[in-house]
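Each reported figure results from applying straightforward, stated rules to the coordinates on display, with no laboratory input. If you're wondering where the values come from, they're calculated on a predicted model, not measured in any experiment. Here Cβ is always computed from backbone atoms with ideal geometry, including for glycine, and neighbour counts include all displayed protein chains.
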Amino acid sequence: MESASYVHLRQLLDQGKISCVGLVQSHLQCIDNKKHLNAFLSVYADESLQRAAVVDQKIKAGTAGKLAGLVVGIKDLICYKDHPLQGGSKILDGFISQYNATAVQRLLDEDAIIIGRQNCDEFGMGSSNENSAFGPVLNDLDNNLVSGGSSGGSAVAIQADMCQVSLGTDTGGSVRQPAAFCGLAGLKPTYSRISRYGLAAYASSFDCIGVLSKHVEDIALVLEVIAGSDENDSTVSRKEVPLYSKEILSAPNKKYKIAYMRDTVESHALQPEIKSAIQKKIDQLKAVGHEVAAIDFPLNEYVLPTYYILATAEASSNLSRYDGVRYGYRSPNATDLTSLYKKTRSEAFGKEVQRRILLGTFVLSASYYNAYYTKAQQVRRLIRDQIKNIFKQYDFILMPTTPTTAFRLGEHSDNPVEMYLADLFSVQANVAGVPAISIPAGKDEKGLPIGLQVVADDFEESKLLRFSKEIIELT
Ligand code: GLN
């Protein structure tokens, strides 16, 4: 986490000591040097240099926006008008975004520079970025390791200094888990905090745009720009957006009540070094006067099945729009309308996406709807209610982001359940809809980064970001 934050770079830009063109050039150089990591699917080199030159003029003229010169990469699930969008899938071959996602539009309005489109698991389905039609993303720390997923390209792009901030998406951990595997900070805000307009849907009641960066301050600033009401998304919250970037600067003088879930920290599935790293943070937090207590959360064992039932159900419905008729890939082997649908979808969706469409169709089928879908909805409500209850007594919940540090490419590819278990701790915040962040919390014996997850109550991103900064600074 050593390179300078945007907040710092902006001062240098304003003083004329560096330029946006220079910044873009240096990120393009990193992208070029590390093409083998496969983090970007498109790089908008000329365009971002031209834009940087314009923004440099604006800075000189004193008319530049809040994010002037911020170099951003966007996950291949977020629309950028007139640029390709494929969701890491062959099924969207040749598709060009017709409009900007609201989050993208707001970044552009504040003079951010979008440098490219980042690789990801197909439609966000995966935990290792091995489910992309464009091949896996490699972890820059060790190229035999996964980047995490599904926002793997977005994480590695930051890890390897290819951009300053990435927009990812988090449906069940896809921002936090790769952030943990790459030693970054990654925020999933409260569900509905950021408009989903222009975000290709995976599981709409879970999907959130999230932000990855080496610096919590930069996440705060970007969130402040992209969050908030939007007439194009009726599910987005109208709640006022605080000035996160200012609020996180206030001194950490408050003593919090913090809970950690006993069975996550004491889980047998947890790599021992992660357990000791979290224990160390807990001890440090106590030493500076916070109250930290272990709590039980008996519903924990239901969180992962609830997520996988509901997310696949929603995915099976959302992905029905990809039929080869209006856009994207169309099978050349079709003989009639039914075979057009069948062949297009069989040829162009990857195995994991097909598995989830089938699972989702099954749990929504007439005979099983009540047993699976309805039941999972009920359990989701119980989980949310109980999490909300915890926040009546505690300010934050701490837990690991992942059960292990980054694993080897191919290690879990043959066993989907083993892969789903990688999401054991991250899906909870999505099931409950509350905000959560992963922040770096030391390294394991092999020198691989460990992620600590901090979860807060609805719309408490300000408090969450400020506290995360405090935890990172604890030594
Ligand atoms: N790994 C989880 C899944 O495959 C989460 C993905 C995500 O957050 N997009 O569903």
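Annotations
- Counting DSSP beta bridges with both ends in the chain, the antiparallel % (nearest 5): 65
- With the highest mean first, a sort of the peptides 201-210, 347-356 on other beta-carbon atoms found within 10 angstrom per residue produces 201-210, 347-356.
- Straight Cα distances below 15 angstrom link K351 to the aspartates and glutamates D121, E122, E130, D414, with same-chain residues fewer than 8 positions distant left out.
- Rel. contact order, % - alpha carbon contacts under 8 angstrom, at least six apart, the stretch 134-284: 17
- Within-15-Å neighbourhood charge of K257 [Cβ basis; K, R +1; D, E -1]: 0
- Cα centroid separation, the stretch 227-289 to the stretch 170-199: 14 Å.
- Semi-axes of the equivalent ellipsoid for the stretch 115-194, Cα gyration tensor, largest first, Å: 18, 14, 11
- Per residue, the average separation of C-alpha pairs within less than 8 Å and at least 6 apart gives the stretch 229-334 a relative contact order of 23 percent.
- R0 of 51 Å, Cβ-Cβ distance A45-Y368: FRET efficiency to nearest 0.05: 0.55
- In this structure, the amide hydrogen of V137, modeled 1.01 Å from its nitrogen in the peptide plane, lies closer than 5 angstrom to those of S147, counting only residues at least 5 positions away or on a different chain.
- The stretch 251-310: C-alpha gyration tensor shape, a/c 1.5 cut-off, then a/b vs b/c: prolate
- Radius, Kirkwood style, for the stretch 229-361 when every pair of distinct Cα atoms is counted (Å): 20.3
- Relative contact order (percent, whole number), the stretch 128-196, Cα cutoff 8 Å, 6+ residue spacing: 26
- Extent along principal axes [Cα atoms of the chain; Å; largest to smallest]: 65, 55, 45
- Normalised Debye scattering of the stretch 323-414 at q = 0.12, 0.16, 0.26 Å⁻¹ gives log10 I(q)/I(0) of -0.75, -0.97, -1.15, counting only Cα atoms as equal scatterers and leaving out solvent.
- Scattering profile of the stretch 145-260 at q = 0.20 Å⁻¹ [log10 I(q)/I(0), Debye over alpha-carbon scatterers]: -1.11
- CD proxy at 222 nm, helix term only [per DSSP H run n ≥ 4: -39500 (n - 2.57); per residue of the chain; nearest 500]: -12000 deg cm²/dmol
- Stokes-Einstein D for the stretch 77-210, Kirkwood Rh over Cα pairs, 20 °C, 1.002 mPa s (µm²/s): 148
- Straightening the chain between T338 and Q386 buys 12.7 nm, computed as 0.36 nm per residue apart minus the Cα-Cα spacing.
- The convex hull of the Cα atoms of the stretch 273-429, projected and averaged over all directions, covers 13.1 nm².
- Volume per residue for the stretch 32-145 equals 118 cubic angstrom (convex hull of Cα atoms).
- Ranked by how many other Cβ atoms sit within 10 Å of their own Cβ, fewest first, the residues S250, S150 fall in the order S250, S150.
- With the gyration tensor restricted to C-alpha atoms of the stretch 361-435, the semi-axes of the equivalent ellipsoid amount to 25, 24, 6 Å, longest first.
- Whole-angstrom gap from the stretch 386-454 to the stretch 67-136, using each part's C-alpha centre: 24
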